[in-house]
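Read through the structure below, which is laid out as structure tokens, and then see the notes.
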Amino acid sequence: MALAALCWGLSGGVAGILTAQGWDPVVVSFYWGAIGFLFVIIWLWIRPRGSGLKSVRLWFWSAIAGVGVAGNLAFYLVSIAEGSVAVAVTLMYCAPVFVYLISFTLKLERPALFKWAAIAMVMFGVMLLTGIYQGGSGDVTPLALSAGLLSGLSYAVFIFGFKYAAPHGSPQAILVIALAVLTIILMCLSDADQALAVLKAPSWPLFVILGVLGTGLSFILYIIGLRHTTPSVASIVAMVEPATASLFGVVILNETLASSQVFGMGLILVTVTGLSLYSSARNKPRMARQIVR
């Protein structure tokens, strides 16, 4: 789990380097997903049992997950290009808040005072992080803010898609379908000339590193880790990602953060982790009752 989070954090920094070099965020996200797609195909080929590829529901929900992860990567890179790695990864980390809001709307989750208080804390953290309270004079542009939040919303869509696809097939089958959808969507949206130029560009090794760390290796490590740990531990270990990405941005990309931004970032990360732990604790009795039955 820690290695997966570390890979995601480093991949955000690598993506920041590529967008700073002038590469289009959609092209970068296309290679990010396409190279990872090759990895999960090999994984499915090695372990094909219980794939569930004959299930229509598996294909439907995996495709939804693919749309979500495509939006997640594309908006994340737009936020990096228009702002900074630290701000983009923290805004994306607001995904659990979107999960709760969607769950409230669909009546999958009951609203509670603690949940609403946590959402309010995250919103306050976003205000500090982006400088909205300064009346538009903050360091974060509206496009960077919007793209970062849309990245988190897209990640929430991926979470729901993966959750509902899981009972119908194996994780590697779900990822193959999801990343295939991602590849098709981003290939259609990419600038064809720039996408082909990557193959002859001096920076092509960075694209390979991005795909290997950000999708291929990280997803495999994450799913293997989930089998050997609890959701509460996973939520805490996931903090490695924003911490790594932020540190990469500050040290390697020379990004700077004001003290209010650092405080806002910490507030978001701590609150989101608390939400995850709260959800995990509430789900344990429910899972125990299911086991007894």
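For the reader, a short list of remarks on this structure follows.
- Residue match in the range 124-138 (condition: modelled with pLDDT of 85 or more and among the β-branched types (Val, Ile, Thr)): no
- The listed residues are ARG293, ARG286, and the only one of them that is closer than 24 Å to PRO171 by Cβ and at pLDDT below 75 turns out to be ARG286.
- Looking only at the range 162-192, and only at residues there that are among the hydroxyl-bearing types (Ser, Thr, Tyr) and assigned to a helix (DSSP H, G or I), the one that is modelled with the highest pLDDT: THR183
- Residue match in the range 23-40 (condition: touching an Asp or Glu at 6+ places or on another chain (Cβ under 7 Å) and over 19 Å from VAL122 (Cα atoms)): yes
- Selection count, the range 157-177, where residues are over 15 Å from ILE220 (Cα atoms) and among the hydroxyl-bearing types (Ser, Thr, Tyr): 1
- Filter pass, PRO96 being in contact with a helix residue (DSSP H, G or I) (Cβ under 9 Å, 6 or more places away or on another chain) and without any contact (Cβ under 8 Å) to a residue 24 or more places away in the chain: no
- Failed condition for ILE184, given (1) of a type in the set (Val, Ile, Thr); (2) under 17 Å from ILE42 (Cα atoms); (3) without any contact (Cβ under 8 Å) to a residue 24 or more places away in the chain: (2)
- No other residue among LYS107, LYS115 is touching a residue at least 60 places away in the same chain (Cβ under 8 Å), charged (D, E, K, R) and either part of a helix (DSSP H, G or I) or surrounded by fewer than 17 Cβ atoms within 10 Å (Cβ to Cβ) (or both) apart from LYS115.
The values are calculated or read from the model by the stated rules, or taken from the named source; none is laboratory data. All values reported here derive from a predicted model rather than from experimental measurement. Don't worry about glycine lacking a Cβ; one is built from the backbone with ideal geometry, like all the others, and counts go over all protein chains shown.
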